[in-house]
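Novice: Before I ask anything, let me first share the structure, which is written out below as structure tokens.
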Amino acid sequence: MRKRRLKYQYNMFISATKRSLLYHIPNFILRYAFGDRNGVYAMYESIKYRNSRANAEYVTVMFKMIFSLGCSVVFLPFVLLKYAVLILFLGKVYLPRIEVVLTTYCSLKCKDCSNLMQYYDKPYHINADSIIQVLQNLLNSIDSLTQLVLLGGEPLIYPDFVKILEFANENSKIKSVCIKTNGVFKLSDEMIKALKCKKIHLDMSDYGARSEMVSDNCQVLKKEKIAFFCQDRKPWFDMGDMTKRNRTKAQLGAQYKKCNYKCRCILNGKLYICPRASHGSDLKFFKENIYVDLLNTTANSEELKEKILLLYYYDKPIQACDWCDAGTDMCRPIPCGEQMTEK
Ligand code: SF4
Ligand code: SF4
């Protein structure tokens, strides 16, 4: 038990330090030195995926990125000291990232959606009060959540989107909020108002003609000084269909170890290792038994904390891995956003 707790603390210490040095401090420098609100990750992706950028712009982006990361290194001793005290000595729980599904409705039907939206014949919205209760139970058991990701389906379809956003904005334990959208819908005035918060960041996918409102939304976001990042037809990785692979225990162990998609995802009050596990179970492809019920729980905050940490750093393959190609050689790049009806 003690050994396990030390392992969790070490993992949290490393991830909190890395995030501070690679994102929080560089983003702060970019925001205040260059007025750039979109952050260092957006810069990195724009360099990686937009090779056609004009040279001048490319050089400027590179300069800002290197400058902000370089400045960040200066803060290394302070960052190490801060998290050593908080996490290693005081035992505070700093979780890096958790996703919350608001709805299984989506405005697109991508045939390779890794979150399995293409399999929902009867999509549904999740009750907002239960989402807030679940988040409250989670936050009562931890000290800090670096990033809360709101997603669907398409979160902008969700009727109580603003209510959830307001809850996240007001809760000081949530340090940043990322919203994943496919850019099909125009952002309403009410949404824009709720998005005007320093800790919010929109992650918008651009699937060309299908993402009709991307350029309009980008213009509004720029004008309103809301941080966003537009994924410009970045390739996806194929996780395969929902047939059982019948892998051996050793193969599943190796796959789980290599998998980079353990996003820790909440669906219908339960915290799962990844969206494949949550949605695959919800769609009854299999019955995933590795999860933490954050809604119907009688555990007190200390007991729940232990369960959350155990799930968060779970190190054995789960049921869902045998219905998934992530972490294997089968998981290859594919074009993004191809629709079910397309040949
Ligand atoms: S837009 Fe996103 S959530 Fe919707 S089907 Fe496509 S990949 Fe899945
Ligand atoms: S099912 Fe397993 S391999 Fe697939 S994303 Fe989840 S943890 Fe990774």
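Every read-out reported here was derived from the displayed coordinates using simple, explicitly stated rules and does not represent laboratory data. Note that the structure is predicted; figures quoted are calculated from it, not measured. For neighbour counting, all protein chains shown are included, and Cβ atoms are generated from backbone atoms with ideal geometry for every residue, glycine included.
Novice: Give me the distance between the Cα centres of the range 1-45 and the range 296-343, rounded to whole Å.
Specialist: That distance is 22 Å.
Novice: Same structure, new question: Could you pull out the trypsin sites (Lys or Arg not before Pro) across the range 249-315 that fall in loop regions by DSSP (anything but H, G, I, E, B) with no more than 16 other Cβ atoms inside 10 Å? Don't skip to the answer; put the middle values down first.
Specialist: On the way: sites: K249, K257, K258, K262, R264, K270, R276, K284, K287, K305, K307; in loops: K262, R264, K284, K287.
Of the trypsin sites (Lys or Arg not before Pro), the ones in loops of the range 249-315 whose Cβ has at most 16 other Cβ atoms within 10 Å are K284, K287.
Novice: Ok, one more. Tell me which of Q133, Q118, L69 sits at the most positive position along the dipole axis of the range 1-141, charges placed on C-beta atoms (Lys, Arg +1; Asp, Glu -1).
Specialist: Positive-most Cα among the choices belongs to L69.
Novice: Here's something else I'd like to know. Using 5 Å bins from zero, what percent of all Cα-Cα pairs in the range 1-91 falls into each bin?
Specialist: Whole-percent P(r) values from 0 Å outward: 3, 14, 20, 17, 14, 11, 9, 6, 4, 2, 0, 0.
Novice: Skipping prolines and chain starts, which residues have an amide H placed within reach, meaning under 5 Å, of the one on C106, given they are 5 or more residues away or on another chain?
Specialist: Hits under the 5 Å cutoff: E154.
Novice: Give me the dipole magnitude in Debye, nearest 20, for the range 93-334 about the Cα centre, with unit charges on the beta carbon: positive for Lys and Arg, negative for Asp and Glu.
Specialist: 560
Novice: In vacuum, with every alpha carbon of the chain counted as one equal point scatterer, what does the Debye formula give for log10 I(q)/I(0) at q = 0.08, 0.09, 0.12 Å⁻¹? Two decimals, please.
Specialist: The computed values of log10 I(q)/I(0) come out as -0.39, -0.51, -0.95.
Novice: Give, rounded to the nearest 20 debye, the magnitude of the charge dipole that the range 18-146 has about its Cα centre when Lys and Arg contribute +1 at Cβ and Asp and Glu contribute -1 at Cβ.
Specialist: 300
Novice: Are there chymotrypsin sites (Phe, Trp or Tyr not before Pro) in the range 78-147 that DSSP marks as loop and that have at most 13 other Cβ atoms within 10 Å, and which are they? Present the calculation step by step, with values, prior to reporting the outcome.
Specialist: Details: sites: F78, Y83, F89, Y94, Y105, Y119, Y120, Y124; in loops: Y105, Y120, Y124.
Within the range 78-147, the qualifying chymotrypsin sites (Phe, Trp or Tyr not before Pro) (loop, at most 13 other Cβ atoms within 10 Å) are Y124.
Novice: Continuing with the same structure: How big is the dipole moment of the range 1-91 about its Cα centre under a simple scheme where the beta carbon of each Lys and Arg is +1, that of each Asp and Glu is -1, and everything else is neutral? Debye, nearest 20, please.
Specialist: Taking the Cα centre of the range 1-91 as origin, the dipole is about 600 debye.
Novice: So how much slack lies between Y32 and Y314, counting 0.36 nm per residue of separation and subtracting their Cα-Cα distance, in nm? Walk me through the numbers on the way to the answer.
Specialist: Working: separation 282, 0.36 × 282 = 101.52 nm, distance 3.86 nm.
Value of the extension gain: 97.7 nm.
Novice: Separate question: As a test of the formula, what do you get for the chain when each DSSP H run with n ≥ 4 contributes -39,500 (n - 2.57) and the sum is divided by the residue count, at 222 nm and rounded to the nearest 500 deg cm²/dmol?
Specialist: After summing the helix terms and dividing by the residues of the chain, the value is -12000 deg cm²/dmol.
Novice: For the chain, with the dipole built from +1 on Lys and Arg beta-carbon atoms and -1 on Asp and Glu ones, taken about the Cα centre, which of G253, S188, V220 lies farthest toward the positive end?
Specialist: Positive-most Cα among the choices belongs to G253.
Novice: How high is the FRET efficiency from D189 to D241, r the C-beta distance, R0 45 Å, rounded to 0.05?
Specialist: Calculated value: 0.65.
Novice: Considering only the chain, what is the antiparallel percent among its DSSP beta bridges, to the nearest 5?
Specialist: 30
Novice: Right, another one. Using Cα-Cα distances under 8 Å and only pairs 6 or more residues apart, what relative contact order does the chain have, in percent?
Specialist: 18
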